Amino acid sequence: MTAADRATVLKLDGVHKLFGDNHVLKGVDLEIASHEVVVVIGASGSGKSTLMRTINLIERVDDGRILLSGDDITDPAVDVDKVRARIGVVFQHFNLFPHMRVIDNVTLAARKVHGIEPDVARDRAIGLLEKFGLGEKVDDYPDRLSGGQQQRVAIVRAIMTEPELLLLDEITSALDPMLVGEVLDLVRDLKEQGSTMLMATHEMSFARSVADRIVFMHSGRPLEVGTPEQIFGDPQQPETREFLARVTHR
Amino acid sequence: MEAWQPSELELDRRLQRRRASRRSVLVALVSTVAFAAVAGWLVVSSPDWETVRNTFFNVEIAKSSFPKILEGLWLNIRVLFFATIAVAVVATLLATMRSLRGPVFFPLRALATGYTDLFRGLPVLIVLYLVGFGIPGLNTEVRIPVAVLGTIAISLCYSAYVAEVLRAGMEAVHPSQRIAARSLGLSHAQTLRMVVIPQALRKVVPALMNDFVSMQKDVGLISVLGAVDAVRAAQIAQAQTYNFTPYVVAGLLFVAMSFPMIRLTDAVSARMAAREQQGGTV
């Protein structure tokens, strides 16, 4: 294994996904290196969310392979629970468990999947929650929290077990504009700490400032991939130009 | 800063509301008393009232039959206790079996589906006869107390009802909750146990309590097997006195037994409705 291989956290190799006759992903190739932040942009229906869901094995790929730190996670023999435990996911609608307090939401996977001692998990969770301004919410139920607070708790839940890869699927789309900033600031913190992230978003200015690379998805393919400067400053494809013109002019 | 004081306008409105509510209470009171008086007079003045009162509401017979009936009710309560435990366990198993996915589990799924379909359709009385008289007929050497057989029969039927309620609750938990749990690496079983079932139970508490109230009175059916429960004790007293008051006594005791649970069901439903109106779930 070469040095370049070791640095690759995620590798997609010709991934296809069909829902009936609907060909949603038409051969996606993508590599994400360790500590890299890759932002996926594109119109609704371009396959962003499906891409995320295939990586997390919520959707089964219909062709191609996905490698997580070199392991083929699309191999039928693979233990999907073990794979998912290595990936952190944050959802558009938070999906916190409403019957559990914040602390239990955050420590559930650590305790039940990773076998971390409850006390250790609790200490670590409280540390993270305090760090992200949620120290007072530890024993609250999610429905007592604002949307922004809920999403920050969901992010803490996802990073609690130090996953190899974080998937953030339009995590600010369900939030009041006033609350988007606090969530994005947290993501920026995670980038500074070196988290490897794949993120789908409609927040173009944020994408521009946080991404190492931008992937523009168009009808099931990564049509254009490049640095934020390349994609936003000098897009090569007419579809990219059209998309950016629409989202930035509103 | 000066504390806010309600304005004249608001004070006047409050006064009006108070007056209106006083008036409604008064009207309700007067009409209720008038109605009760008329209804009472109609009953008491009807030609055969004396006979009716003697047959159904005889105080002497009520008093004399009461201890035996109460003793019988104690059997009903014990049956109810064990049946509740059995139903909780079996129904949860059935609901979980029906929610299993994958072709490997087809037999279990089919078994659970067949069971619930069968026992939801079968009259409780037939199950009681089959279990209570049929099973002892298989082997005359071993004697199983009829109360035990009755408990089994009641549990068989109610497990099917309750399993369906639980399954409905499990299906009402939004799929995004399962996805979130599985994404954390929890297994299917862990997801069911820690995420789906706790939320499902909350959703179906009123329905479960309703089934419990229903089972509270259906434990009286074990009397057909000859178990001396409240219903049987009343029947014995009736046969001795040729008077139907003991049945009324037993009936009222069952009502009294179910009353706390009915009120509790209402209170729980109201509390849950209030909580949901605050919004902000998930």
**Prompt:** Which of these, B:VAL268, B:VAL204, B:VAL30, has the largest mean-square fluctuation under a Gaussian network model of chain B (Cα springs below 10 Å)?
**Reply:** B:VAL30
**Request:** Tell me the label-point distance for the pair B:ALA20, A:GLU136, using the 7 Å Cα-to-Cβ offset, in nm and rounded to one decimal.
**Result:** 3.9 nm
**Request:** Using R₀ = 22 Å, calculate the FRET efficiency as 1/(1 + (r/R₀)^6) where r is the Cβ-Cβ separation of B:PHE35 and B:PHE57; round to 0.05.
**Result:** 0.55
**Rg and Dmax of the stretch A:3-249, Cα atoms only, in Å** = 18.0, 55
**Asked** What's the center-to-center distance, using Cα atoms, between the stretch B:94-131 and the stretch B:1-73 in Å?
**Response** 46 Å
**Estimated FRET transfer efficiency when R0 is 35 angstrom, pair B:ALA239-B:ASN139 (beta carbons, to 0.05)** = 0.65
**Asked** In nanometres, what is the gap between the two model label sites at B:ASP12 and A:ASN22, each 7 Å from Cα along Cα-to-Cβ?
**Response** 6.0 nm
**Complete:** Accessible-area order for A:ARG60, A:ARG157, A:ARG111, B:ARG22, largest to smallest, probe 1.4 angstrom, reads A:ARG60, B:ARG22, A:ARG111, A:ARG157
**Request:** Quote the convex hull volume per residue of the protein assembly as shown, based on C-alpha atoms, as a whole number of Å³.
**Result:** 277 Å³
**Fill in**
The answer for A:VAL37, listing residues at least 5 apart or on another chain whose modeled amide H is closer than 5 Å to its amide H, is A:MET197, A:ASP212, A:ARG213
**Asked** Residues of the stretch B:74-228: accessible area per residue at 1.4 Å, in Å²?
**Response** 48 Å²
**Anisotropy class of the stretch A:67-161 from Cα gyration tensor, a/c 1.5 cut** = prolate
**Message:** Let me cross-check A:HIS249: its accessible surface, 1.4 Å probe, with only protein heavy atoms counted, in Å² to the nearest 10?
**Reply:** 150 Å²
**Item:** Inter-label distance for B:SER187 and B:GLU71, nm, one decimal - labels placed 7 Å from Cα along Cα-to-Cβ
**Value:** 5.3 nm
**Prompt:** A:HIS218's amide H: which non-local residues (gap 5+, or another chain) put their own amide H closer than 5 Å, with H modeled 1.01 Å from N in plane and none for Pro or chain starts?
**Reply:** A:LEU223
**Asked** Which entries in A:LYS11/A:LYS131; A:LYS48/A:LYS137; A:LYS131/A:LYS191; A:LYS11/A:LYS112; A:LYS17/A:LYS112 show an alpha-carbon gap greater than 24 Å?
**Response** A:LYS11/A:LYS131; A:LYS48/A:LYS137; A:LYS11/A:LYS112; A:LYS17/A:LYS112
**Prompt:** What is the helix-to-structure angle for A:118-131, meaning the angle in degrees between its Cα long axis and the longest Cα principal axis of chain A, kept from 0 to 90 and rounded to the nearest 10?
**Reply:** 70 degrees
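Checking an interface number: how much accessible area is buried between A and B, summed over both chains, with a 1.4 Å probe, in Å² rounded to 100? Mind dumping the intermediate values first?
Working: alone 12250 and 18100 Å², together 28290 Å².
The A and B chains share an interface burying roughly 2100 Å².
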**Request:** With θ set to phi - 60°, apply the Karplus curve 6.51 cos²θ - 1.76 cosθ + 1.60 along the stretch A:68-80 and write out the HN-Hα couplings as whole Hz, x wherever there is a Gly or Pro.
**Result:** 10, 6, x, 8, 6, 8, 8, 5, x, 7, 6, 7, 4
**Where the Cα pairs of chain B fall when distances are cut into 10 Å bins, in %** = 6, 18, 22, 20, 16, 12, 6, 1, 0
**Asked** At 222 nm, what helix-only mean residue ellipticity would chain B give, in deg cm²/dmol to the nearest 500, using -39500 (n - 2.57) for each DSSP H run of four or more?
**Response** -26500 deg cm²/dmol
**Request:** With everything on Cα atoms, drop me the angle between helix A:147-159 and the longest principal axis of chain A, reported from 0 to 90° to the nearest 10.
**Result:** 90 degrees
**Prompt:** Counting only the heavy atoms of the protein chains, how much of B:THR96 is accessible to a 1.4 Å probe, in Å² to the nearest 10?
**Reply:** 40 Å²
**Prompt:** At a probe radius of 1.4 Å, what is the per-residue accessible area of B:ASP12, in Å² to the nearest 10?
**Reply:** 80 Å²
**Request:** Using the Karplus curve 6.51 cos²θ - 1.76 cosθ + 1.60 with θ = phi - 60°, work out ³J(HN,Hα) for each residue of the stretch B:149-155 in order, rounded to whole Hz, and write x for Gly and Pro.
**Result:** 4, x, 4, 4, 4, 4, 5
**Percent accessible area from carbon and sulfur atoms, chain B, protein chains only, probe 1.4 Å** = 69 percent
**Message:** Using C-alpha positions alone, give me the convex hull volume of the stretch A:155-228 per residue in cubic angstrom.
**Reply:** 106 Å³
**Complete:** For the stretch A:3-249, percent of DSSP beta bridges that are antiparallel (nearest 5) comes out at 55 percent
**Message:** Among A:ALA158, A:VAL102, B:LEU11, whose Cα projects farthest towards the positive end of the dipole of the protein assembly as shown, with charges put on the beta-carbon of Lys, Arg (+1) and Asp, Glu (-1)?
**Reply:** B:LEU11
**Message:** Given Cβ point charges of +1 (Lys, Arg) and -1 (Asp, Glu) and nothing else, what value in debye, to the nearest 20, does the dipole of the protein assembly as shown about its Cα centre take?
**Reply:** 1740 debye
**Request:** Can you tell me the FRET efficiency between B:PHE81 and B:LEU130 if r is taken as the Cβ-Cβ distance and R0 is 22 Å, rounded to the nearest 0.05?
**Result:** 0.40
**Request:** Choose one of B:VAL38, A:PHE91, A:PRO177: the residue whose Cα lies farthest towards the positive end of the charge dipole of the protein assembly as shown (beta-carbon charges +1 Lys, Arg; -1 Asp, Glu; about the Cα centre).
**Result:** B:VAL38
**Asked** the stretch B:208-252: which chymotrypsin sites (Phe, Trp or Tyr not before Pro) are DSSP loop and have at most 10 other beta-carbon atoms within 10 angstrom?
**Response** B:TYR242
**Prompt:** Once you sort the root eigenvalues of the Cα gyration tensor of the stretch A:1-100 as a ≥ b ≥ c, which label holds: rounded (a/c under 1.5), prolate (a/b larger than b/c) or oblate (the other case)?
**Reply:** rounded
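The values are calculated or read from the model by the stated rules, or taken from the named source; none is laboratory data. All values reported here derive from a predicted model rather than from experimental measurement. Please note: Cβ atoms are built from the backbone with ideal geometry, for glycine as well, and neighbour counts cover all protein chains shown. Only protein heavy atoms, including side chains, enter the accessible area calculation; ligands, DNA and RNA are left aside. Shrake-Rupley method; radii C 1.70, N 1.55, O 1.52, S 1.80 Å.
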